[in-house]
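J.: Just dropping this structure here.
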Amino acid sequence: MSYVCVVGGANVDIEGRVLKTLLPGDSDPGTVIRSPGGVGRNIAENLARLDVPTHLITALGRDDNGTWLHDLATASGVDLANSVWSDSAPTATYLSVLDSSGEMTVAVNDMDVVASLDVAALNARRDTLENAAALVVDCNLASETLGHITTAHTGIPLFVDPVSVTKAVRVAPHLASVHTLKPNRAEAAMLSGVEISGERSLKTAANALLDAGVRHVVISLAGDGVFFANAETSGTLTPPLQDIASVTGAGDALMAGLVHAHLANLDFEDAVRFALAASVLSAASESPVATDFSAESIQRIINNETIIKEEAP
């Protein structure tokens, strides 16, 4: 049976949310929750919930948090048999603070353990990577590791999440090997060299990424939806108005939706529509992976016909 292999971060998410207006420099009343997270881990769990056989190659510390993450992911249907266990670094932690609307205001990540996912570690797991129907990586990986994946596993569709502006630079030398790139506005601007200020500049930035060799570009616009482009088509899909519980994990659901749709042989626009509906479902949940995340729940959002397309200028 074909499967997807995800290579990337897994961490403990500690999320604080203020109840009213955020007051920087002060102690703000709110709530604090702990949940399993990490871009790679979230994508993997979302794929498993979409009934896609999924292997996750991540790095975990030999500590209570590592065991907790491993057991939860395994219970969700993700195969972690090829993950790396570190004796020297703790399991990664992501600390974020959200305002009362659910938007992230500041975050700190401790991801040193991901350095264990080096070229030697991936060479030892070559067979798992080589036999995947698709590879998904996040830019928590070092540039050298990303480069190794692009050269050692050519011919397998590669989906890349840049993670952040700081980490997106790691994929810049390897864009010609990317099947689907899912940046946000800031990451797309950095990777394309185009200042993004509106719809027209979105298309210019996407075209620059296509010229660099990326086959499909999907730029996340947060609450405004997504801009998508390939050699044949481009446009913006806008989601329905909704109450956002948390944006944490919505981008990971978007990526999982893109991978699932690719495996289902959907055309590009339909794939992006499915993926955007997946992110809408995720944003309605307070947890990074929605408990009701499924192809059926996503399809119900699509059937409501509230996702609107605007042609690119």
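J.: Nearest 500 deg cm²/dmol is fine: what mean residue ellipticity at 222 nm does the chain get from its DSSP H runs of n ≥ 4 alone, each adding -39,500 (n - 2.57), divided by its residue count? Don't skip to the answer; put the middle values down first.
T.: On the way: 11 runs with 107 residues, N = 313.
My calculation for the chain gives -10000 deg cm²/dmol from helical runs alone.
J.: Where does the longest stretch of the chain lie that holds no GluC sites (Glu not before Pro) found in a DSSP loop with 11 or fewer other Cβ atoms within 10 Å?
T.: Details: sites that count: 195, 232, 305.
Here the longest run is 1-194.
J.: Could I ask something else about it? Quick one: in region 185-313, what % of C-alpha pairs are over 25 Å apart? Write down the numbers at each step before the final one.
T.: Working: 1714 of 8256 pairs.
Here the long-distance tail beyond 25 Å is 21 percent of all Cα pairs in region 185-313.
J.: If you average over every viewing direction, what projected area does the convex hull of the Cα atoms of region 129-247 give, in nm²?
T.: 8.0
J.: For residue 58, what charge total do you get from the other residues with a beta carbon under 11 Å from its beta carbon, if Lys and Arg give +1 and Asp and Glu give -1?
T.: Details: positive: 41; negative: 138.
Summing Lys and Arg as +1 and Asp and Glu as -1 gives 0.
J.: Round to the nearest 0.05 the FRET efficiency obtained for residue 242 and residue 265 when R0 = 35 Å and r is the Cβ-Cβ distance. Walk me through the numbers on the way to the answer.
T.: Details: r = 29 Å, r/R0 = 0.82.
Efficiency for this residue pair is about 0.75.
J.: First select every other residue whose beta carbon is under 12 angstrom from the beta carbon of residue 170; then total the charges, Lys and Arg +1, Asp and Glu -1. Let's see the in-between values first.
T.: Working: positive: 167; negative: 138, 144, 161, 187.
That works out to -3.
J.: Whole-Hz Karplus ³J(HN,Hα) for region 176-185, in order, using 6.51 cos²θ - 1.76 cosθ + 1.60 and θ = phi - 60°, x for Gly and Pro?
T.: Using θ = phi - 60°, the values come out as 5, 9, 8, 6, 9, 10, 10, x, 8, 4 Hz.
J.: A follow-up question, please. Once you list every other residue whose beta carbon is under 10 Å from the beta carbon of residue 73, what net charge do they have if Lys and Arg are +1 and Asp and Glu are -1? Mind dumping the intermediate values first?
T.: Details: positive: 41; negative: 45, 71, 79.
Overall, the nearby charge balance is -2.
J.: Calculate the length of the line joining the C-alpha centroid of region 69-84 to that of region 221-264, in whole Å.
T.: 26
J.: May I ask you to list the residues of region 1-24 whose amide nitrogen lies under 16 Å from a point 7 Å from Cα along the Cα→beta-carbon direction of residue 154?
T.: Counting backbone N atoms under 16 Å from the label point, the list is empty.
J.: Further question: What's the Kirkwood radius of region 1-93 in Å, using all Cα pairs?
T.: Kirkwood radius, region 1-93: 14.3 Å.
J.: What is the magnitude of the charge dipole of the chain about its Cα centre, with +1 placed on the Cβ of each Lys and Arg, -1 on the Cβ of each Asp and Glu, and no other charges, expressed in debye to the nearest 20? List each step's numbers first, then the result.
T.: Numbers: 18 positive and 38 negative charges, 77 e Å.
Value, rounded to 20: 380 debye.
J.: For q values of 0.11, 0.12 Å⁻¹, compute log₁₀ I(q)/I(0) with the Debye formula on a Cα-only model of the chain, without solvent.
T.: Computed log10 I(q)/I(0) values: -0.63, -0.75.
J.: Another question, then. Counting only DSSP beta bridges with both residues in the chain, tell me the antiparallel percent, nearest 5. Walk me through the numbers on the way to the answer.
T.: On the way: 26 of 54 bridges.
Once the DSSP bridges in the chain are tallied, antiparallel ones form about 50 percent.
J.: If you don't mind, there's one more thing I want to ask. Quick one: how many lysine pairs does the chain have with C-alpha atoms less than 25 Å apart and a gap of 8 or more or different chains? Give me the count, please. List each step's numbers first, then the result.
T.: Working: 167/182; 167/203; 182/203; 182/309; 203/309.
Lysine pairs meeting the criterion: 5.
J.: Quick check: pseudo-label points 7 Å beyond the Cα along Cα→Cβ at residue 300 and residue 72, how many nm apart are they?
T.: 2.4
J.: Any idea what log10 I(q)/I(0) is at q = 0.19, 0.25 Å⁻¹ for region 162-215, Debye with uniform C-alpha scatterers and no solvent?
T.: Debye curve over Cα of region 162-215, log10 I(q)/I(0) at q = 0.19, 0.25 Å⁻¹: -0.54, -0.95.
Every number in this text was worked out from the coordinates using simple rules, so none of it is lab data. Just so it is clear, the model here is predicted, and its values are computed rather than measured. So basically every Cβ, Gly included, is an ideal-geometry build from the backbone, and we count neighbours across all protein chains shown.
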